[in-house]
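Engineer: Dumping the structure here so I can ask a few things about it.
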Amino acid sequence: AGFRVLYPVNQAGKYDEVMSLLGASYFRVIGKGQVYGLSGRGLAIDTTSVGKEEFPNFREYWIQRPGPNDKQLVIYALLDSPSATGAYQFILQPGSDAVLDVQANIVMRQDVATLGIAPLTSMFLYGPNQRWPEFLRNFRPAIHDSNGLAIHAGNGEWIWRPLNNPKGAVAVSSFQVDNPRGFGLLQRGHAFQDFQDLKDRYDLRPSAWIEPQGNWGKGKVTLMEIPTADETNDNIVAFWNPETPARKGQTMQFAYRMHWTMDEPALHAQNNAWVRQTFQTEGERYQPNLIRQSDGTTALMVDFVGPAVANLPAGTALETQLSGNANAEILESNLLRNDAIKGWRLSLRVKVKDPAQVTELRAALTQGGKPLSETWSFQIPPVPAPPPPAAPAVPASQPQPAASK
């Protein structure tokens, strides 16, 4: 049980839903012209640990009555779980982009192997960066609430990790991020033609950006991707995990601001460039007759945009900082200006040495040896081996005719 918050965010005098707190410690927030997509949570406990995940609940709520001219709503919540309890304050500011300030005061009742702070839950079925063959006949180019994990690390580096819908096994990735400046699950790209869905309107679903307040110390941002066959299952989880394990009796406090936004470029500084889109397809080579033919490799196109690259003079030379893990052999790399989007396109042709193993790639634009863009951190999930052929069916024994007398 829980409640919904209504506010005239879209039209004066018309109260529309802007926040929902229904079930466990989940909540969702939207701004003007947006529809519900990903969710926030109060706390994540042992989400990626071996064993059963624990789902805390908000047991009680207190709502501070707003005045006639107030533009914000203050909510208090009591979190309860076998391993932890907590007192939470939420300050909701509706608007074109909704802002939610969160103050979490947590007391541990038990030791917890993996404690997730500011957890987010979303859905990624497929997109241009990963289209499994079974989705190629769907008229929708993409189905997802979020298409990437963005991180602004304490050292100033920006990281963009496109999401995957893995096959076979759950995938867990971690990024060492001390004193994070921000992280979130983003929906980059809100053009209707990117989704073509009149019913679910994935183009109107917001991103959620976590802006930590104060010093969070050493830790990592963890991403979990769960295989799913349809869009009804939330299969993406992201949170920040403190380096020091949570112990029984420990008290901790975390404060952060959540931006529920469709203006993702506003999160970046003017001297930065970011990944607009990633495309994955079969690699191919031109034959002597100029006909292209697949060659068993993987081709990737990464479009970078942003003020840092939009107005570079003609003839500007940019470099690519590119690397891969041991399972990736980078056969070709080309960087070209993409005038159609006022950006640059990095094209790669990669050989995956063992499809049963994970393949990791990283790339960033540089100029004169200095970073000019966020770091594109891409993963090609392993393809599970096909199941062994079924044993041939044993024919049923035939009944014997009765002996005649």
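We did not get these values from a lab; they are worked out from the coordinates using the rules stated. The model shown is predicted, which means the values in this text are computed figures rather than measured ones. Glycine also receives a Cβ, built like all others from the backbone with ideal geometry; neighbour counts cover every protein chain displayed.
Engineer: What are the equivalent ellipsoid semi-axes of segment 274-380, built from the alpha-carbon gyration tensor (square roots of five times its eigenvalues), in whole angstrom, biggest first? Mind dumping the intermediate values first?
Structural biologist: On the way: eigenvalues 126, 64, 25 Å².
The answer is 25, 18, 11 Å, longest axis first.
Engineer: Fewest first, what order do 394, 177 take by the number of other Cβ atoms within 10 Å? Spell out each step's value before the answer.
Structural biologist: Details: 394 6, 177 25.
Ordered by Cβ neighbours within 10 Å, fewest first: 394, 177.
Engineer: While we're here: Counting C-alpha atoms alone, how compact is segment 3-267: give Rg to one decimal and Dmax as a whole number, in angstrom.
Structural biologist: Rg then Dmax for segment 3-267, in Å: 18.2, 55.
Engineer: Run the quick spin-label model on residue 266 and residue 4: label points 7 Å from Cα toward the beta carbon, then report their separation in nm to one decimal.
Structural biologist: 2.5
Engineer: What residue among 324, 358, 348 has its Cα farthest toward the positive end of the dipole of segment 274-380, where the charges are +1 on Lys, Arg and -1 on Asp, Glu, each on the Cβ?
Structural biologist: In segment 274-380, that residue is 348.
Engineer: Expressed as cubic angstrom per residue, what is the convex hull volume of the alpha carbon set of segment 176-296?
Structural biologist: Dividing the Cα hull volume of segment 176-296 by its residue count gives 225 Å³.
Engineer: Who wins for biggest fluctuation among 215, 272, 69 in a Gaussian network model of the chain, springs between alpha carbons below 10 Å?
Structural biologist: 69
Engineer: A further question on this structure: Got the relative contact order for the chain handy, in percent, Cα pairs under 8 Å and 6 or more residues apart?
Structural biologist: Once divided by the residue count of the chain, the mean separation gives 13 percent.
Engineer: For segment 71-149, restrict the atom set to alpha-carbon positions and state the Rg and Dmax in Å.
Structural biologist: So, for segment 71-149, Rg and Dmax equal 18.8, 50 Å respectively.
Engineer: Something else about it: Can you work out the FRET efficiency for the pair residue 36 and residue 393, with r the C-beta to C-beta distance and R0 = 41 Å, to the nearest 0.05?
Structural biologist: So, using R0 = 41 Å, E works out to roughly 0.25.
Engineer: Arrange the peptides 351-357, 384-390 so that the one whose residues have, on average, the most other Cβ atoms within 10 Å appears first.
Structural biologist: Ranked from most to least packed, the peptides come out as 351-357, 384-390.
Engineer: At R0 = 51 Å, how high is the FRET efficiency between residue 53 and residue 292 if r is their beta carbon distance? Nearest 0.05 is fine. Kindly include the intermediate steps, with their values, before the conclusion.
Structural biologist: Working: r = 47 Å, r/R0 = 0.91.
For R0 = 51 Å, the calculated efficiency reads 0.65.
Engineer: Here's a follow-up. When the chain is fully extended, how far beyond the present Cα-Cα distance does residue 178 get from residue 16, taking 0.36 nm per residue of separation?
Structural biologist: Details: separation 162, 0.36 × 162 = 58.32 nm, distance 3.86 nm.
Stretched out fully, the residue 178 to residue 16 stretch lengthens by 54.5 nm.
Engineer: Which one of 94, 68, 141 has the biggest mean-square fluctuation once the chain is modelled by GNM with Cα springs under 10 Å?
Structural biologist: Judging by the Gaussian network model, the answer is 68.
Engineer: Simple spin-label model, 7 Å along Cα-to-Cβ: residue 357 to residue 244 in nm?
Structural biologist: In this crude label model, residue 357 to residue 244 measures out at 3.8 nm.
Engineer: Separate question: Report the residue, chosen from 91, 291, 210, that carries the largest GNM mean-square fluctuation when the chain is represented by alpha-carbon nodes joined by springs under 10 Å.
Structural biologist: Per the Cα network of the chain with a 10 Å cutoff, 291 tops the list.
Engineer: Right, another one. Using unit Cβ charges (K, R positive; D, E negative) and no other charged atoms, how large, in debye to the nearest 20, is the dipole of the chain about its Cα centre?
Structural biologist: The dipole magnitude comes to about 200 debye.
Engineer: Under the 0.36 nm per residue contour assumption, what length would be gained going from the current alpha-carbon distance of residue 330 and residue 139 to full extension?
Structural biologist: 65.6 nm
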